[in-house]
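Contents: one structure, followed by commentary.
The values are calculated or read from the model by the stated rules, or taken from the named source; none is laboratory data. Note that the structure is predicted; figures quoted are calculated from it, not measured. Glycine also receives a Cβ, built like all others from the backbone with ideal geometry; neighbour counts cover every protein chain displayed. Quick note on the areas: whole protein, heavy atoms, side chains included, nothing else; ligands and nucleic acids left out. Shrake-Rupley method; radii C 1.70, N 1.55, O 1.52, S 1.80 Å.
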Amino acid sequence: MYEYKVLTLTLREMEKTLNQYAREGWRLAAQSLNISLGAVVGAVVTLERKMEE
């Protein structure tokens with residue numbers, strides 16, 4: 001069984017935040033870019049990790 005977490009991140013905070021979650025065992029499951037007026041301003045990411053049983 002897996003648990004999921006959805007985050008809305010700006011481009012500035014993405015690398016640091018995703019690396020922090022990766023150290024905690026989370027992996028990137030999906031990513032969707034937030035685009036405003038033709039420019040990428042951030043992303044909505046879904047993280048998943050296996051739950052301990």
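So here's what we get for this one:
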quantity: Count - residues of the range 27-43 that are in contact with a helix residue (DSSP H, G or I) (Cβ under 8 Å, 6 or more places away or on another chain), in contact (Cβ under 8 Å) with a residue 24 or more places away in the chain and open to solvent by 50 Å² or more (accessible area, probe 1.4 Å); calculated: 2
quantity: Tally of residues being modelled with pLDDT of 95 or more and more than 11 Å from the chain's Cα centre (by Cα) across the range 26-49; calculated: 1
